[in-house]
Amino acid sequence: MRALHFMKIDYMLTRKQMYFMPAILVLAWVVGTGVSKGAMSLLVTCSYVAFVASIFSTAPFGYCVRKNRGFLLLLPATVKERVAGRFLYGLSFVGLLGVFCGILWGVYAMMGYELPLWTVAIGLCELAVGILIMALEFLFFYLFGEGKENWQQLSNIVRIAPGMAMFFGMTYFVGKIEEIQSTTAGGMGIDPEALSGKFMQVGVIAILAALLLTAVAAAVCMKVIENRDYA
C-alpha cells in the first residue's frame, strides 16, 4: 500500500527529531513527578507527552516544502495515498507515545503504586484528545496550506496552543481531583473510584470517536485538495 510508503517517508524526513525523544520523555516524567505523585503524576506526564506529540506529529508539513517537494512529486501516488500516509504517520506517532505511557503505567504498577481504574480511563481520554488534536491540526494545515503571509507564526500557534492547553488543563484537573480525594477521605464529596466503570466506558468511547473523527478529517482533506499540485 503506497500510503504506508509515504508514512515511512515522513519518518525518514523527521528522523532527526526522534533523537530528542528519549530526553523529552524523561523530561515529561520529571514534570509529572514534580506536580504530583503516583497515578496523578502519570496523568500529568501523559498530558505532557500528548503536548509533545501535537508538535512533533505535524513536523512533516515543514519538511515537505522547498527541496523535498520536487522529490515527493516524482513518486507515483494519488492525492488520497499521500494524505492517507500523512495521517497514518500522525496516528502512529501519537500511538507510539501512547505505548510509552502504557509502559510507564505498567512499571508503576510493578513498583507497587496504587493505580485506580478511573485513572486509566482518564489516560484513555488523554490519548483520545491527543489523536483529535493531531487530526484537527492536519486538517488545518491541509485546508489553509503553506506559503501564505504570516504562515510560520500562525502554524507555530496551531502546533503549540492546543497541546499546551491540554497539559495545563490536566495539571489543573489533577489538583482538583486531589482536593476531592482529600474531601472524600473526610467523609464528604464524591469518590472517583465509585465511578470507575463509567469512566472506562467514556474512555473507550472517546478513543473510538477520535479515530472516527480522524478518518472524517482525512476524507475531507482528500476531497478538498485532490485538485492541488501537492498534498
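The values are calculated or read from the model by the stated rules, or taken from the named source; none is laboratory data. What you see is a predicted model, and the numbers here were worked out from it, not measured in a lab. All Cβ positions, glycine included, derive from the backbone under ideal geometry; neighbour counts span all protein chains shown. Accessible surface areas use protein heavy atoms only, side chains included; no ligands, DNA or RNA. Shrake-Rupley method; radii C 1.70, N 1.55, O 1.52, S 1.80 Å.
General observations
- Selection count where residues are among the hydroxyl-bearing types (S, T, Y) and open to solvent by 10 Å² or more (accessible area, probe 1.4 Å), scope segment 81-137: 3
- Some residue of segment 137-146 being farther than 17 Å from M40 by Cα, in a helix (DSSP H, G or I), acidic (D, E) and modelled with pLDDT of 85 or more: yes
- Failed item, numbered, when G34 is tested on (1) modelled with pLDDT of 90 or more; (2) open to solvent by 60 Å² or more (accessible area, probe 1.4 Å); (3) closer than 20 Å to G169 by Cβ: (1)
- Cβ-Cβ contacts under 9 Å between residues 6 or more apart (or on different chains), taken from a first residue in segment 175-187 that is of a type outside the set (S, T, N, Q) to a second residue that is surrounded by fewer than 10 Cβ atoms within 10 Å (Cβ to Cβ) and at pLDDT 70 or above, are absent.
- For segment 82-124, a residue qualifies if it is of a type in the set (S, T, N, Q) and modelled with pLDDT of 90 or more, and exactly one does: S92.
- Across segment 9-37, the number of residues qualifying as part of a helix (DSSP H, G or I) and either in contact (Cβ under 8 Å) with a residue 60 or more places away in the chain or within 18 Å of A50 (Cα to Cα) (or both) comes to 20.
- Condition check for F61: modelled with pLDDT of 90 or more, closer than 23 Å to A128 by Cβ and part of a helix (DSSP H, G or I): no
- Residues in segment 45-58 that are touching a Phe, Trp or Tyr at 6+ places or on another chain (Cβ under 8 Å) and either part of a helix (DSSP H, G or I) or under 21 Å from G102 (Cβ atoms) (or both): T45, S47, Y48, V49, A50, F51, A53, F56, S57.
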